[in-house]
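What follows is one structure encoded as structure tokens, with my remarks underneath.
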Amino acid sequence: MSRPSAPLALQTIAMPADTNANGDIFGGWLMAQMDLGASVVARARARGRVATIAVEAMTFLKPVHVGDLVSIHAEIMSEGTTSMKVETEVWVTRQPEGLQIKVTEAQFVFVAVDETGRKRPLP
């Protein structure tokens, strides 16, 4: 498989503390990492604070294993006056083979907010 063309927003390593009862990485941990990665792109576009207001079409395709290098790719797909939709894909590099596998994808919706948390127009 080939990696997405979307910019790399965040990389981390899956650790044993993040596992579920089956020994795979807990989906909630992965979703939190995706939110962080997508927010990197959203914050840059908003030139400031953003808040996640929705997660759409989240699909877990393959499990993430302890030790996988987790790469989150995010790209803005659409925007409105105050909000934007960010397409997010997660790929892992599995060692020792160096195999790259797409493990999940989702669409995050962010709204630009001011210092008080009220929505504001995108610049």
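The values are calculated or read from the model by the stated rules, or taken from the named source; none is laboratory data. Since the model is a prediction, treat every value here as computed from it, not as a measurement. Because the Cβ atoms are built from the backbone with ideal geometry, glycine has one as well, and the counts that use them run over all protein chains shown. All accessible areas refer to the heavy atoms of the entire protein, side chains included, with ligands and DNA or RNA removed. Shrake-Rupley method; radii C 1.70, N 1.55, O 1.52, S 1.80 Å.
In the range 56-81, the residue that is nearest to A17 (Cα to Cα) out of those that are hydroxyl-bearing (S, T, Y) and open to solvent by less than 60 Å² (accessible area, probe 1.4 Å) is S71. Consider the range 82-107 and keep the residues that are under 21 Å from K62 (Cβ atoms) and in contact with a Ser or Thr (Cβ under 6 Å, 6 or more places away or on another chain). The one that is surrounded by the fewest Cβ atoms within 10 Å (Cβ to Cβ) is Q100. Within the range 9-30, the residues that satisfy the criterion of being part of a helix (DSSP H, G or I), open to solvent by less than 70 Å² (accessible area, probe 1.4 Å) and of a type outside the set (D, E) are G27, G28, W29, L30. When the range 64-123 is limited to residues that are basic (K, R) and part of a strand (DSSP E or B), the one that is farthest from Q11 (Cα to Cα) turns out to be K119. R43 fulfils the conditions (1) surrounded by fewer than 18 Cβ atoms within 10 Å (Cβ to Cβ); (2) touching an Asp or Glu at 6+ places or on another chain (Cβ under 8 Å); (3) within 22 Å of T12 (Cα to Cα) except for a single criterion, (2).
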